[in-house]
Structures are given as structure tokens and as C-alpha cells.
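The values are calculated or read from the model by the stated rules, or taken from the named source; none is laboratory data. The structure displayed is predicted, hence computed values, not measured ones. Because the Cβ atoms are built from the backbone with ideal geometry, glycine has one as well, and the counts that use them run over all protein chains shown. The area values use the complete protein model at the heavy-atom level, side chains included, leaving out ligands, DNA and RNA. Shrake-Rupley method; radii C 1.70, N 1.55, O 1.52, S 1.80 Å.
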Amino acid sequence: VQLQAFGGGLVQTGGSLRLSCAASGLTFGLYRMAWFRQAPGKEREFVAAISRSGSSTYYADSVKGQFTMSRDSAKNTVYLQMNSLKPEDTAVYYCAASASSDVYYSRSQNYGYWGQGTEVTVSS
């Protein structure tokens, strides 16, 4: 299984970025997907998740209304559209895959596969 995240970079406050995560080696439609992030000196935190079908999305309170997660089953890819970026969004962003469909979508322990991370830096 491989999750390859890309799309990070340097952006000014108020700017936008779209992260992508391409999955291979798994049956994409059987996995809930998520994005987590880890800022310097902080613990990894949940950002967003999307159900297997894509019909449900879940967001951390800190990014609701600002980030949008989606998935494209034809491309085995998930996306994270990030708008109105702030310096506090600076972090390494990781995509993750979980075979579980329980309610604990924000728990990193539920995700068995992780991508390598892509760095997002928001300058003030």
C-alpha cells in the first residue's frame, strides 16, 4: 500500500492550496480516508475525513468552513482544498487510510496506512 501526498508549498496568508493524495495497492472504495497535520513542536492532529463512498465528510472545528475534503474513486485520489489560509495552518499534512467505518474517524490509531506528508507553510 502506498499513499503519496503532494501539493504543499509556501503561500501567503489568505491564499489557497489543494493537497492531493494518490492511493495504490488497496481497494480504494473500502477505505475511509483522512488528513492529519503536525505543526512544529506539536502533536499530530485530525483535520478532515471522508467516508468510503464520499457521501460524508468530517472536519476539525478549526478548519470547518475553510477546508473541503473530497475523493475521486476513478483516480484513487483524495483532495484537501484549503482556503483562507492562516499562519496557524502551517504544518506537515499527512493523508491516511482506514479500513474501519466506526465513528472514531478522528483517531489516528484507527488509520493503518499513512502517506509521507507534504509541507504547507503560510507566511504572514
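Name the one entry in Arg71, Arg52 that is outside any strand (DSSP E or B), among the basic types (Lys, Arg) and within 16 Å of the chain's Cα centre (by Cα). Write out each step before concluding.
Details: Arg71 fails: outside any strand (DSSP E or B).
Result: Arg52 is the single residue among Arg71, Arg52 that is outside any strand (DSSP E or B), among the basic types (Lys, Arg) and within 16 Å of the chain's Cα centre (by Cα).
I'm trying to understand the selection: among the residues of the range 20-31, which are open to solvent by 20 Å² or more (accessible area, probe 1.4 Å) and closer than 22 Å to Gln109 by Cβ? Before the answer, list the steps.
So the first thing to find is which residues in the range 20-31 are open to solvent by 20 Å² or more (accessible area, probe 1.4 Å), and the list is 22, 24-27, 29-31.
The answer is Gly25, Leu26, Thr27, Leu30, Tyr31.
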Checklist entry - Out of the range 93-124, which residues are assigned to a strand (DSSP E or B), open to solvent by 30 Å² or more (accessible area, probe 1.4 Å) and within 20 Å of Arg71 (Cα to Cα)? => result Tyr94, Tyr113, Trp114
Checklist entry - Can you tell me which residues in the range 1-19 are of a type in the set (A, V, I, L, M, F, W, C) and either surrounded by 14 or more Cβ atoms within 10 Å (Cβ to Cβ) or in a strand (DSSP E or B) (or both)? => result Leu3, Ala5, Phe6, Leu10, Val11, Leu17, Leu19
Checklist entry - Do you know which residues across the range 23-49 are more than 14 Å from the chain's Cα centre (by Cα) and among the aromatic types (Phe, Trp, Tyr)? => result Phe28
Checklist outcome for this item: Subset of the range 32-57, residues more than 19 Å from Thr118 (Cβ to Cβ) and open to solvent by less than 70 Å² (accessible area, probe 1.4 Å), comes to Arg32, Ser51, Gly54, Ser56, Thr57
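Taking only the range 61-74 into account, find how many residues are open to solvent by less than 60 Å² (accessible area, probe 1.4 Å) and over 19 Å from Thr118 (Cα atoms). Give the derivation first.
Residues of the range 61-74 open to solvent by less than 60 Å² (accessible area, probe 1.4 Å): 63, 66-67, 69-72.
This time we only want the ones that are over 19 Å from Thr118 (Cα atoms), so: 72.
Selection size over the range 61-74: 1.
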